[in-house]
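Data block below; observations after.
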Amino acid sequence: MAYLPNSPADRQAMLEAVGVATQRDLFASVPAGLMDPELRLPAPLGEQELVVELQRLAARNRPMGAYANFLGAGVYQRFIPAIVRATVARPEFYTAYTPYQAEASQGTLQTIFEFQSMLCALTGMEVCNASMYDGATSVAEAAMLAVAHTGRHRVAASAGLHPEALRVLHTYGAGRGVAVDVIPLREGRTDLDGVRAQVDSGHAALIVAQPSFRGTLEELAPLAEAAHAAGALAVCAADPLACSVLVSPGEAGFDVVVGDCQTLGIPASFGGPHCGFVAARAELVRGMPGRLVGMTGDAAGRRAYTLTLQTREQHIRRERATSNICTNHALMALMATAYMARMGAVGMAGVVTLAAQRAHHLADRLAAVEGLDLAHPRAPWLFEFTLRVPDDAATFAAGLRARGVLAGLPLAAVGAGESNELLVCCTEMTAPADIDRYVTAALAALAAPVGARA
């Protein structure tokens, strides 16, 4: 512990205070085989050599821009206005980790307040917290909110949730004694009859996604009614950008809306960092995780912002905190806020409309190719769809990647579909020429599979 400014006498006093003789005694419970493991590190390099090595490693990466990109599945390549990057690059924002204390600057508090307000407008909810880690943890936190609110210890989750969100939900549930029942899909959408049959008085919540992981759109109102009929809360994991053109979960009767803000001006960045949120009806505000910023007035009557509700363990709630592993991704939330402020409701709706038009055009062209068809032709969808290929989706995707096209995500790779299913996405960044390139590459790959060329 050479980096600690404690003298040998200080260290000895601390050891005596905890009742051990040496520093090593502090780690007596750690198996010997795990102590001081051998680290097989390369020899140290000088600065010049290190730069060359880092450049070599960086050259192994293939940026999305090098391909015609049709990957989605929760992380999207979207246009980010220059003002978003310029805003977050300001040092007063960029160098701050997260505003823990009530004395955080008025500028930071106001941006968080605007973030909350905009997401309430999109989701149809009355309150929203000051961001979370990501969409997956937001789903799990909403489930725990429902458990605390209802006193029940089961939740029902649609199989249409993102598989990572389902895994995080199971992890949270295992640690809190909460069982997770997964409701199957029918034609790519949550089976309403299955919800009515499975969700009962033992369930704290029904959790569905809009759009689903497979890209399909749920009919939300009947699902909310089914949850409420069993006395459970209705929770929707929604894409906030898609909410700009769809009926909001709040209008459809949902009690809690969660989601990931990556689609709102946050770059893909190898899958993180992201920014999640939990929005809810006002009567649930005391059970929400994290913190909320409110607007008030100071002694002179001027508008002022403050941390109004602080339910973290680092604040006044301590052991009664609603959650102790949630945080405010303030910089990411600021990016989302700048994006929403720049685009506005009309701009965001235009982005989704353009992406949907291009996705449906691609789907129509691919469905006309012999051997390819849509997995759920009767289900409505927005800008992401599930494609069925003749054989293995991973092989098909590899064939297109060799031709400069990232064809989509093979669903079997994440345990969310059959081996011949591929999740394909279009955004406003998908150029018409990229659609032509996808169709051409698909025809070539079907005619000459990767194995056949080898």
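Before moving on, here are some points about what is shown:
- Residue pairs whose Cβ atoms lie under 7 Å apart, sitting 6 or more positions apart in sequence or on different chains, and linking a residue in region 223-250 that is at negative phi to a partner that is in a loop (DSSP other than H, G, I, E, B) and of a type in the set (Ser, Thr, Tyr), are ALA230/SER201.
- Candidate set: region 15-48, residues that are open to solvent by 100 Å² or more (accessible area, probe 1.4 Å) and among the charged types (D, E, K, R); chosen: the one farthest from the chain's Cα centre (by Cα): GLU16
- Given (1) of a type in the set (S, T, N, Q); (2) open to solvent by 10 Å² or more (accessible area, probe 1.4 Å); (3) in contact with a Gly (Cβ under 9 Å, 6 or more places away or on another chain), number of the condition THR216 does not satisfy: (2)
- Annotation: of all residues in region 338-397 being within 21 Å of the chain's Cα centre (by Cα) and part of a strand (DSSP E or B), the one that is nearest to PHE93 (Cα to Cα) is GLU384.
- Across region 138-188, the number of residues qualifying as at pLDDT below 95 and among the β-branched types (Val, Ile, Thr) comes to 0.
- Residues satisfying the stated conditions in region 251-269, i.e. surrounded by fewer than 24 Cβ atoms within 10 Å (Cβ to Cβ) and modelled with pLDDT of 95 or more: GLU251, ALA252, GLY253
- Hits in region 24-74 - residues which are part of a loop (DSSP other than H, G, I, E, B) and acidic (Asp, Glu): ASP36, GLU38
To keep it simple, each residue is scored yes or no on (1) open to solvent by 40 Å² or more (accessible area, probe 1.4 Å); (2) closer than 17 Å to PHE79 by Cα; (3) of a type outside the set (A, V, I, L, M).
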{"residue": "ALA338", "(1), (2), (3)": "no, yes, no"}
{"residue": "GLY344", "(1), (2), (3)": "no, yes, yes"}
{"residue": "MET348", "(1), (2), (3)": "no, yes, no"}
{"residue": "GLN357", "(1), (2), (3)": "yes, yes, yes"}
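- Residues satisfying the stated conditions in region 179-195, i.e. open to solvent by 50 Å² or more (accessible area, probe 1.4 Å), within 18 Å of PRO163 (Cβ to Cβ) and outside any strand (DSSP E or B): PRO184
- Candidates ALA232, ALA204, ALA226, filtered to the one that is crowded, with 20+ Cβ neighbours inside 10 Å, among the aliphatic types (A, V, I, L, M), more than 23 Å from GLY350 (Cα to Cα) and in contact with a His (Cβ under 6 Å, 6 or more places away or on another chain): ALA232
- Being part of a helix (DSSP H, G or I) and either small (Gly, Ala, Ser) or open to solvent by less than 10 Å² (accessible area, probe 1.4 Å) (or both) holds for only one residue in ALA416, ALA445, and it is ALA445.
- Subset of region 380-402 (residues that are crowded, with 24+ Cβ neighbours inside 10 Å and polar (S, T, N, Q)): THR386
- Within region 115-162, considering residues that are crowded, with 20+ Cβ neighbours inside 10 Å and of a type in the set (Asp, Glu), the one farthest from CYS243 (Cα to Cα): GLU141
- Among the candidates ASP373, ASP391, residue that is farther than 22 Å from THR427 by Cβ, touching a residue at least 24 places away in the same chain (Cβ under 8 Å) and not small (Gly, Ala, Ser): ASP391
- Region 80-90, subset in a loop (DSSP other than H, G, I, E, B) and either modelled with pLDDT of 95 or more or on the phi > 0 side of the Ramachandran plot (or both), residue surrounded by the fewest Cβ atoms within 10 Å (Cβ to Cβ): PRO81
- Out of ALA416, ALA407, ALA454, ALA447, sole residue that is at pLDDT below 95 and under 20 Å from PRO377 (Cα atoms): ALA416
- Some residue of region 150-164 being more than 19 Å from ALA279 (Cα to Cα) and among the acidic types (Asp, Glu): yes
- Identity of the residue in region 1-14, assigned to a loop (DSSP other than H, G, I, E, B) and among the aliphatic types (A, V, I, L, M), that ends up least open to solvent (accessible area, probe 1.4 Å): LEU4
- Test for TYR94: is it of a type in the set (Phe, Trp, Tyr), touching a helix residue (DSSP H, G or I) at 6+ places or on another chain (Cβ under 8 Å) and at pLDDT 95 or above: no
- Unique match (being among the basic types (Lys, Arg) and modelled with pLDDT of 95 or more) among ARG312, ARG365, ARG320: ARG365
The values are calculated or read from the model by the stated rules, or taken from the named source; none is laboratory data. Quick caveat: nothing in here was measured; it's all calculated off a predicted structure. Every residue, glycine among them, receives a Cβ derived from its backbone with ideal geometry; neighbour counts consider all protein chains shown. These area figures cover heavy atoms from the full protein model, side chains too; ligands, DNA and RNA do not enter into them. Shrake-Rupley method; radii C 1.70, N 1.55, O 1.52, S 1.80 Å.
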